[in-house]
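Read through the structure below, which is laid out as structure tokens, and then see the notes.
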Amino acid sequence: MNTKHLSENDTCPEKTGKLRIYSMRFCPFAQRARLILWHKRIQHETVNINLTNKPKWFLQLNPNGATPIIEKDNIIIYESSACCEYLAEMYAKSLIPSDGLTRVRHRMFIDAFSSVTGKYHDLLFSRVDKSVGMPALRNSLKPYEAEIKDKFFGGSEPVLLDFHMWPFIERFAVLEKTLGEKVMTEDELPKLIKWRKNMEDLDCVKKIRKEPEEHMIYLSARLKNELPDYDHDIENDPVL
């Protein structure tokens, strides 16, 4: 199941017993959870939500009205970090490092990534000039450049931190097209550039990533305060 985006007057689809994710196709926070679902090949169904005109029953699942939400056997988990930790830990091989120090450091970098996303949004919504905002965004990435030592932050295989970061790294291409300047450069962030290529080669990323042009269709509507076309090209979305 991969529904079109349900609105205020739509009913909640009947449950099938599968794990269910309530999502929005262009939401980077929901994409984090979807990446883990696909990486671990967890059978699931997707109920997409129109976040501009939300169903009342959706607000009963998460009073904050945000995606993602994970539902399994009448257990509800919401907030992106909680959903991702649940999927990372509870299904198949854990994506959370077993070493205590590494686990704590990864948690630190996950929590600190809000600084990166904040600077991304400052540039996206023209809150700062790119002459100020672009160096600030690069500087916020430098601790991650210093931390990565292998193909992924987990070594030879990706872990929760990799999937936490990826949706916004994917969206850097939108900034680059809009502002005409690379976010990650070889002279400042060479290891993260290699990491980005390694992430792009993952099957789960290939399955659900969107090209910059697709992100632009959604974001241009947002920037103009227009209703986004949430279901653009939805018939080509993969289903696990």
Can you pull out the residues in segment 18-45 that are of a type outside the set (D, E), without any contact (Cβ under 8 Å) to a residue 60 or more places away in the chain, within 19 Å of A92 (Cβ to Cβ) and out of contact with any His (no Cβ under 7 Å at 6 or more places or on another chain)?
A33, K40
Name the residues in segment 34-63 that are more than 17 Å from Y86 (Cβ to Cβ) and not hydrophobic (A, V, I, L, M, F, W, C), would you?
N48, N50, T52, N53, K54, P55, K56, Q60, P63
For the condition part of a loop (DSSP other than H, G, I, E, B) and crowded, with 18+ Cβ neighbours inside 10 Å, what is the one hit in L95, L87, L35?
L95
Count - residues of segment 98-121 that are among the aliphatic types (A, V, I, L, M) and without any contact (Cβ under 8 Å) to a residue 24 or more places away in the chain:
3
If you scan segment 209-233, which residues turn out to be buried (at least 17 other Cβ atoms within 10 Å of the Cβ) and either touching a strand residue (DSSP E or B) at 6+ places or on another chain (Cβ under 6 Å) or in contact (Cβ under 8 Å) with a residue 60 or more places away in the chain (or both)?
K210, H215, Y218, L219, P228, Y230
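Within segment 139-149, is there a residue that is in the same structural domain as P190 (by TED's automatic domain parsing), in contact with a helix residue (DSSP H, G or I) (Cβ under 8 Å, 6 or more places away or on another chain), among the small types (G, A, S) and part of a helix (DSSP H, G or I)?
Start the filter on segment 139-149 by keeping residues that are in the same structural domain as P190 (by TED's automatic domain parsing), which leaves 139-149.
The next check asks that each one be in contact with a helix residue (DSSP H, G or I) (Cβ under 8 Å, 6 or more places away or on another chain); those that pass are 140-141, 143-145, 147-148.
Then keep just the ones that are among the small types (G, A, S); that gives 140.
Within this subset, residues satisfying the condition of being part of a helix (DSSP H, G or I) are 140.
Looking for residues that are in the same structural domain as P190 (by TED's automatic domain parsing), in contact with a helix residue (DSSP H, G or I) (Cβ under 8 Å, 6 or more places away or on another chain), among the small types (G, A, S) and part of a helix (DSSP H, G or I), one finds at least one in segment 139-149, hence yes.
Residue-by-condition table, conditions (1) of a type in the set (S, T, N, Q); (2) surrounded by fewer than 17 Cβ atoms within 10 Å (Cβ to Cβ); (3) under 16 Å from the mean Cα position of the chain (by Cα):
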position: K4; (1), (2), (3): no, yes, no
position: M24; (1), (2), (3): no, no, yes
position: Q31; (1), (2), (3): yes, no, yes
position: R41; (1), (2), (3): no, yes, no
position: N53; (1), (2), (3): yes, yes, no
position: W57; (1), (2), (3): no, yes, no
position: G65; (1), (2), (3): no, yes, no
position: P68; (1), (2), (3): no, no, yes
Residue set I70, I77, I110; condition among the aliphatic types (A, V, I, L, M) and farther than 24 Å from E8 by Cα; output residue I110
Would you mind listing the helices (runs of 4 or more DSSP H) fully within segment 151-218 where at least 1 residues are within 21 Å of S126 (Cβ to Cβ) and at pLDDT below 95?
160-179
Evaluation of V47 against (1) in a loop (DSSP other than H, G, I, E, B); (2) at negative phi; (3) not aromatic (F, W, Y) (one fails), failing number:
(1)
Residue that is surrounded by the fewest Cβ atoms within 10 Å (Cβ to Cβ) [pool: residues in segment 109-133 that are under 12 Å from H164 (Cβ atoms) and of a type outside the set (D, E)]
S114
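The values are calculated or read from the model by the stated rules, or taken from the named source; none is laboratory data. Small disclaimer: the values here were computed from a predicted structure and weren't measured. FYI the Cβ positions are ideal-geometry reconstructions off the backbone, even for glycines, and counts take in every protein chain you see.
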